[in-house]
1. Using the per-residue mean of other Cβ atoms lying within 10 Å as a proxy for protection, in what order, highest first, do the peptides 74-82, 193-201, 344-352 fall?
2. Mind putting a number on the dipole of segment 281-349 about its Cα centre? Charges go on the C-beta only, +1 for Lys and Arg and -1 for Asp and Glu, and I need it in Debye to the nearest 20.
3. Once amide H atoms are built 1.01 Å from N in the peptide plane, which residues 5 or more positions from VAL374, or in another chain, come under 5 Å H to H?
4. Restricting to Cα pairs below 8 Å that are 6+ residues apart, what does the relative contact order work out to for the chain? Please round to a whole percent.
5. May I ask which residue of VAL177, ALA197, ILE144 lies farthest towards the positive end of the charge dipole of the chain, with charges of +1 (Lys, Arg) and -1 (Asp, Glu) on Cβ and the Cα centre as origin?
6. Taking only C-alpha pairs under 8 Å that are 6+ residues apart, what is the relative contact order of segment 358-425 in percent?
7. When the helices in the chain are scored as -39500 (n - 2.57) per DSSP H run of 4 or longer and the sum is shared across all residues, what 222 nm value do you end up with, to the nearest 500 deg cm²/dmol?
8. For the charge dipole of segment 326-451, defined by +1 on Lys and Arg C-beta atoms and -1 on Asp and Glu C-beta atoms about the Cα centroid, which residue among MET395, ALA448, THR339 has the Cα displaced farthest towards the positive pole?
Amino acid sequence: AHLARIEAVDEKVHAFLHVDREGALAQARAVDEKRAKGEKLGPLAGVPLALKDIFTTEGIPTTVGSKILEGWIPPYDATVTKRLKAADVVILGKTNMDEFAMGSSTENSAYGPTGNPWDLTRIPGGSGGGSSAALASFQAPLAIGTDTGGSIRQPASVTGTVGVKPTYGAVSRYGMVAFSSSLDQGGPCARTVLDAALLHEVIAGHDPLDSTSIDAPVPPVVEAARNGSVEGMRVGVVKQFRGEGYQAGVIQRFDESVALLKDLGAEIVELDCPSFDRALSAYYLIAPSECSSNLARFDGLRYGLRVGDDGTHSAEEVTSLTREAGFGPEVKRRIMLGTYALSSGYYDAYYGSAQKVRTLITRDFEKAFEQVDVIVSPTTPTTAFPIGERADDPMAMYLADLCTIPTNLAGNAAMSLPCGLAPEDNLPVGLQIIAPALKDDRLYKVGAAVE
Ligand code: GLN
């Protein structure tokens, strides 16, 4: 049924970069056979899923939305891919994304944009717009995303779906193509809080192949999602997460959500987190710095595209011709920014200062979580904007992640879930819930209560 749905609508939506029809049918048949033989089935047996094209899949193309990896077929599965297969999930295909996960609209994909199923002339968010669009257009009931600065939560917000960025280190990064390693985190996307929890439980857990993987039990997210409640909880509202640049309808739905939380028995606490105002600036130094280093491996020799290999160019020239042709403008901008921020003479002024701001943001969160159990905010300041509107204005694009970025810098957990439509444009608004590191279950407890 989902393959038929993809055939019927994805020409218009363009959520998928690659549909693995044969593979998906084979996986589904294997589940049927296991069931017929009475063998033990995985926890999500037979459930179809859309996988962001940033996770390696053995024998299936993985492009990361970039021309530089066009035609590359990974020889191995990411840990997330492996765990999905072990849970008997049926992987339908790979979803569209901003190139190397850099962007907030999926317009930076080298393979063309994805439409928002609510209005195809608008963006589905980014970088994981393909995964969220697949959910919102009923092409898949589950999807996987990655969130470096908001790429799971912001697409969830603008497509009226649920997306979770787990605590940093909760989901293995092995086989997940690196953008900014100290921020990148894979996570579940779904249409309901409970579905997200069921997927969370399957993909999270310690992985010795990822040196930053958390060696601790996965928090009881499914149990929390089944027992939604905010009775007696302290919920923080941060002063810095509103004001100029926020759409009136977004603030209206957010205020209604806070009122609902209060009605359901939560105590609302006003919080001041002054360093959050600097989060965007710190992020746009740290993320490009790490990306400039991570993307050095795309040298035209190891994987994918190779340009100028005709016997007349040196290895160095092949590398530079390949990178010139293979990377898009946003990726080049970030590599240049990052290289500059890390250069000798500038390192302390830029990268060093950004790291200090990062520490201040972490401390603001620590202080906040002495007073509250969770924090809530709008996920993103506006609803889905028209395709093309911010394409030539990187600063306007970066503002989409104003509320999501602090969480990545501090490494704690956050969820976005729908909280109604903005009255002025009838487009979905997202409510963000933020929890301390390792307390991911609180997101599901609160999310399930207000869903
Ligand atoms: N939009 C942010 C960026 O462009 C976040 C991306 C992400 O989370 N991968 O960097």
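Read the figures in this text as sums done on the coordinates, not as results from a lab. This structure is a prediction, so every number in the text was calculated from the model and none was measured. Ideal geometry is used to build each Cβ from the backbone, glycine not excepted, and the neighbour counts take in all protein chains shown.
1. Values: 74-82: 20.3, 193-201: 24.6, 344-352: 12.4.
Going by the mean number of other Cβ atoms within 10 Å, highest first, we get 193-201, 74-82, 344-352.
2. On the way: 7 positive and 9 negative charges, 44 e Å.
Dipole of segment 281-349, to the nearest 20 debye: 220 debye.
3. Long-range HN contacts for VAL374: ARG234, GLY236.
4. On the way: 1125 pairs, mean separation 84.6, N = 451.
Reported relative contact order: 19 percent.
5. Value: ALA197.
6. On the way: 30 pairs, mean separation 28.4, N = 68.
So the answer I get is 42 percent.
7. Details: 15 runs with 167 residues, N = 451.
Taken over the chain, the calculation gives -11500 deg cm²/dmol.
8. THR339
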